[in-house]
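A.B. asks: There's a structure below that I have some questions on.
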Amino acid sequence: MTTLLEARGVTKIYGAGLFHRGQTVALEGFSLRIETEPPTITAIVGESGSGKTTLARLLLGMTIPTSGAILYHGKDLRKLSRREWREFRRDVQAIFQDPYEVYNPFYRVDHVLLTPLKKFGLVKSDREARERIVEALEAVGLRPDETLGRYPHQLSGGQRQRVMVARALLVRPRLIIADEPVSMVDASLRATILESLRTLTRDFGVSLIYITHDLITAYQISDNIIVLYRGSVAEAGHAEPVVQEPQHPYTRLLIGSIPMPDPDRAWSEEQDPSEIGRLADPRSGCKFASRCPYAMEMCLERHPSLYQTERYRVTACYLYREAPVLAGEYLDEAFARPGVAGPAVAASGAVDEPTSSP
């Protein structure tokens with residue numbers, strides 16, 4: 001098993017430099033490995049400002065990290081040759097949030113589908129190109145005769161987004177990074193697009209990094225979930241336990257803010273921070289302390305490590321300080337289960353047998 005794409009201790013700070021007074025840490029010490037096999041779906045979840053889109057841009061090579069490195073087959077993106085960049089662009093495709101801005105309104109949608117086939121030299125004839133395009137459109141639930149030959153404005157938002165999924169599929173990538181791919185389409189179309197994304201993994205062996213603020217869709221589609229808060233990992237693990245039994249106070253807040261169709265269930269509101277939490281300085285200590293009802297003295301001193309609270313779970317919270325700290329730079333087995341490879345998250349310390357959460 002080899003690593004396709006890796007973020008190694010990546011930090012991104014905006015506003016860093018001689019002429020900038022203020023700095024914003026968008027992502028801090030983040031590490032993630034995506035293996036070539038087996039294909040997986042990893043969700044990156046967090047509210048606005050948590051660093052999700054910055055992470056996507058870093059993984060795609062659109063932004064240079066302040067420290068750390070993004071590696072493709074073990075080689076820093078900044079050192080790739082032109083041929084290697086071409087291979088990277090084919091292996092790692094993107095689906096962005098806004099389907100409206102991707103299209104040139106003066107071209108039919110055929111153009112956006114033909115371009116990658118010609119750019120990467122994937123077809124030898126127009127007939128072969130047509131067959132590949134028809135196959136990709138049908139794979140995402142679109143009828144080619146109702147899609148091809150039309151201009152973008154003649155398609156619905158859901159159709160335009162599914163065309164972008166088909167475009168990504170055309171080049172037969174190893175990994176697709178989808179940044180909020182369903183946030184700008186109607187709720188009725190989200191399930192269809194999400195199912196199209198699952199199809200890519202199930203039927204075509206494509207891994208997916210699904211970036212979203214929506215824990216519900218993350219739970220529906222992903223094998224593993226990584227919860228980000230202010231650029232750091234708050235909690236990570238298999239999707240079901242993270243959503244069904246959240247451990248980090250921030251994850252609990254996200255789950256509690258989801259409205260449920262149950263009149264007997266109160267819609268949770270954010271709890272007030274503890275007395276100690278009110279004293280928290282956002283520049284030091286736990287990043288969530290100023291909002292945390294459980295904040296303690298130690299939370300004001302330094303940000304917590306990632307504690308291995310269960311076999312398939314890590315949580316950055318001092319409530320679980322009796323659990324072992326995630327060891328070394330990576331712990332590949334932290335989220336692994338038969339047939340599913342999970343993300344490896346950076347931390348330091350010594351590892352013992354996982355203990356139960358408090």
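Each value in this text was obtained by applying a stated rule to the coordinates, not by laboratory testing. Since the model is a prediction, treat every value here as computed from it, not as a measurement. Cβ: placed from backbone, ideal geometry, glycine included. Neighbour counts: every protein chain shown.
A.B. asks: Taking neighbour counts of Cβ atoms within 10 Å as a proxy for exposure, in what order, fewest first, do S183, S48 appear?
C.D. replies: Final ranking by Cβ density, sparse to dense: S48, S183.
A.B. asks: Roughly what would the spin-label model give for M62 and S125, points 7 Å off Cα along C-beta, in nm?
C.D. replies: Reported label-point gap for M62 and S125 is 3.7 nm.
A.B. asks: Here's something else I'd like to know. Say the dipole of the range 68-122 comes from +1 at the beta carbon of Lys and Arg and -1 at that of Asp and Glu; which of G68, V112, W85 then lies farthest toward its positive end?
C.D. replies: W85
A.B. asks: Continuing with the same structure: Pairs to check: K52/K119; K79/K119; K79/K287. Give those whose C-alpha atoms are more than 31 Å from each other in this structure.
C.D. replies: From the list (K52/K119; K79/K119; K79/K287), the Cα-Cα distance tops 31 Å for K79/K287.
A.B. asks: Separation of the range 44-119 and the range 163-199 by C-alpha centroid, Å?
C.D. replies: 15 Å
A.B. asks: Between S81 and H111, what is the label-point separation in nm under the 7 Å Cα-to-beta-carbon projection?
C.D. replies: Output for this residue pair reads 3.4 nm.
A.B. asks: I need S274, S196 ordered by Cβ neighbour count within 10 Å, fewest first.
C.D. replies: In increasing order of surrounding Cβ atoms, one gets S274, S196.
A.B. asks: Counting other C-beta atoms within 10 Å, which of V243, V112 has the fewest, and how do the rest follow?
C.D. replies: Taking fewest neighbouring Cβ atoms as first place, the list is V112, V243.
A.B. asks: Quick one: the Cα spread of the range 175-294 along its three principal axes, in angstroms, biggest first?
C.D. replies: If we take the Cα atoms of the range 175-294, the spans are 52, 37, 26 Å.
A.B. asks: Which three numbers, in whole Å and largest first, are the semi-axes of the equivalent ellipsoid of the range 3-222 derived from its Cα gyration tensor as √(5λ)?
C.D. replies: 30, 20, 17
A.B. asks: Can you list residues whose amide H is under 5 Å from A94's amide H, if they're 5+ apart or on another chain and H is modeled 1.01 Å from N?
C.D. replies: Answer set, sorted by chain and number: I177.
A.B. asks: Taking only the alpha carbons of the range 55-98, what extent do you get along each of the three principal axes, in Å, biggest first?
C.D. replies: Projected onto its principal axes, the Cα set of the range 55-98 covers 30, 25, 14 Å.
A.B. asks: Okay, moving on. Among bridges DSSP assigns within the range 3-222, what percent are antiparallel (round to 5)?
C.D. replies: Restricted to the range 3-222, the bridges split so that about 50 percent are antiparallel.
A.B. asks: As an exercise, identify the trypsin sites (Lys or Arg not before Pro) in the range 21-72 lying in DSSP coil whose Cβ has no more than 15 other Cβ atoms within 10 Å.
C.D. replies: Taking the range 21-72 and a limit of 15 other Cβ atoms within 10 Å, the loop trypsin sites (Lys or Arg not before Pro) found are R21.
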